[in-house]
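Participant: I'd like to ask you about the structure that follows.
Computed from the coordinates by the stated procedures, all read-outs in this text should not be read as laboratory data. What you see is a predicted model, and the numbers here were worked out from it, not measured in a lab. Please note: Cβ atoms are built from the backbone with ideal geometry, for glycine as well, and neighbour counts cover all protein chains shown.
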Amino acid sequence: MIGIYFSGTGNSRYCIEKFLLEYDRQAKACSIEEETAAQEIECHEEIIFCYPVQFSNMPKIVKDFINRHYTLWQGKRVFVIATMGLFSGDGAGILARLLQKYGAEVIGGLHLKMPDSICDEKALKRSLEENRKLIARTEVKIKEAAENLQENRPQREGLGFQYHLAGLFGQRLYFYHKTKDYTDRLKIDVKKCIGCGKCVKLCPMKNLFLRDGTAAAGGRCTMCYRCICQCPAQAITLLGKQVVEQCYIEKYL
Ligand SMILES: Cc1cc2nc3c(=O)[nH]c(=O)nc-3n(C[C@H](O)[C@H](O)[C@H](O)COP(=O)(O)O)c2cc1C
Ligand code: SF4
Ligand code: SF4
């Protein structure tokens, strides 16, 4: 068995690592950003796939990875974990349906609430203490879910018709365009940018580069918020106008 994941700010990585510790200590977690990810999938029959929900949908980078490797999923047994700030409806279901289209058997689904990675929208922010408590509750949920899977009665959160409707009408219908393509809306404040290059190294899409001593962005952002949450000058924004509080998992542990 192998854990496959995408994680912008570390929540999904943290969740899948915790899950694997409880479920199968021998299993390792591999990011879709690693060159060996496709090979790892090929070698394993059972897969735990974890990803962050965006607007009740999957990030474009995740969708493209699954579509690009469409031949890999036939006959795989997949347990889907969706991490989210608040609500997704059918977070696990949306990825499950795509995998099923390519011949995978989806054996269960799990929804995990984690700190919201959107760090430039004040309305979405919780206090540090609230986020720590949230993670503690999620850890309990992960332990229970891993035990349930071991005992062959996996959770099925996000899978099925009711969840599908909740995802569709709760958000996806209104925000479908947000994750349909990569975005060119990332903004870099060149007055704040100190040209350190950290964001360039971090971006999973190779969407950032240095030009005349400051960072610049292309049009292939998957909205993972990694660069925005890690920029030492708080010079990057996407959905909001100003960074309110940078979020990355290490901060809450
Ligand atoms: C662009 C974007 C859209 C998001 N949309 C949702 C959403 O629709 N529902 C929700 O509950 N959380 C949403 N979130 C929050 C993330 O799903 C959540 O923080 C997730 O755990 C981040 O995981 P990561 O650190 O592995 O990237 C969104 C985050 C981003 C960056
Ligand atoms: S991480 Fe921030 S300060 Fe460093 S180059 Fe990127 S935008 Fe500029
Ligand atoms: S530009 Fe920033 S937010 Fe967009 S994909 Fe790259 S690291 Fe993620």
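Participant: Helix 11-23 versus the longest principal axis of the chain: what angle, 0 to 90°, nearest 10, using Cα atoms?
Facilitator: Tilt relative to the chain: about 30 degrees.
Participant: Relative contact order for segment 84-233 using alpha-carbon pairs under 8 Å, separation at least 6, rounded to a whole percent?
Facilitator: 24 percent
Participant: Now, a different point. Within the chain, what is the longest stretch that has no GluC sites (Glu not before Pro) placed in a DSSP loop and near at most 14 other beta-carbon atoms within 10 Å?
Facilitator: The segment 46-150 is the longest one with no such site.
Participant: What would the Debye equation give as log₁₀ I(q)/I(0) for the chain at q = 0.08, 0.12, 0.17 Å⁻¹, counting only Cα atoms as equal point scatterers?
Facilitator: -0.30, -0.69, -1.35
Participant: For segment 26-41, take each phi angle, set θ = phi - 60°, evaluate the Karplus expression 6.51 cos²θ - 1.76 cosθ + 1.60, and give the result in whole Hz per residue in order, putting x for glycine and proline.
Facilitator: Along segment 26-41, the couplings run 6, 6, 10, 9, 10, 6, 5, 6, 6, 4, 8, 4, 5, 4, 4, 5 Hz.
Participant: Next up: If you average the alpha carbon positions of segment 186-202 and of segment 63-93, how far apart do those two centres end up, in angstrom?
Facilitator: After rounding, the separation between the Cα centres reads 31 Å.
Participant: Calculated from DSSP H runs of 4 or more alone, at -39500 (n - 2.57) each and per residue, what is the 222 nm mean residue ellipticity of the chain, nearest 500?
Facilitator: -10000 deg cm²/dmol
Participant: From the cross-link list 60/251; 76/113; 60/122; 191/251; 113/251, which pairs have alpha carbons spaced over 20 Å apart?
Facilitator: Flagged as over cut-off: 60/251; 76/113; 60/122; 191/251.
Participant: Sorted by average packing, counted as other Cβ atoms within 10 angstrom per residue and highest first, what order do 170-181, 2-13 take?
Facilitator: Highest-to-lowest ranking by the protection proxy: 2-13, 170-181.
Participant: Ok, one more. Give, in nm to one decimal, the length gained when the segment between residue 127 and residue 242 is fully stretched (0.36 nm per residue of separation minus the Cα-Cα distance).
Facilitator: Extra length from residue 127 to residue 242 when fully extended: 39.6 nm.
Participant: If I model a spin label at residue 192 and residue 150 as a point 7 Å from the Cα along the Cα→Cβ vector, what separation in nanometres do I get?
Facilitator: Result for the modelled spin labels: 4.5 nm.
Participant: Could you check the simple spin-label distance between residue 22 and residue 253, using points 7 Å along Cα→Cβ, in nm with one decimal?
Facilitator: 1.6 nm
Participant: Ranking request for peptides 212-224, 80-92, 53-65: highest mean number of other beta-carbon atoms within 10 Å first, then the rest in descending order.
Facilitator: 80-92, 53-65, 212-224
Participant: Using a Förster radius of 22 Å, what is the FRET efficiency between residue 177 and residue 143 based on their Cβ-Cβ separation? Nearest 0.05, please.
Facilitator: That gives a FRET efficiency of 0.05.
Participant: Mean-square fluctuation check for the chain, GNM, Cα pairs under 10 Å: which of 164, 111, 69 is largest?
Facilitator: Evaluated over the chain, the most mobile residue of the options is 69.
Participant: Using only the alpha-carbon atoms of segment 184-253, report the extent along each of the three principal axes, biggest first, to the nearest angstrom.
Facilitator: Result for segment 184-253: principal-axis Cα extents of 37, 23, 22 Å.
Participant: Give me the extension gain from residue 46 to residue 184: residue separation times 0.36 nm, minus the current Cα-Cα distance, reported in nm with one decimal.
Facilitator: 46.1 nm
Participant: Ok, one more. Got the relative contact order for the chain handy, in percent, Cα pairs under 8 Å and 6 or more residues apart?
Facilitator: With pairs under 8 Å counted, the relative contact order is 21 percent.
Participant: Under a crude label model (7 Å from the Cα following the beta-carbon direction), how far is residue 31 from residue 74 in nanometres?
Facilitator: My value for the distance between the label points is 3.1 nm.
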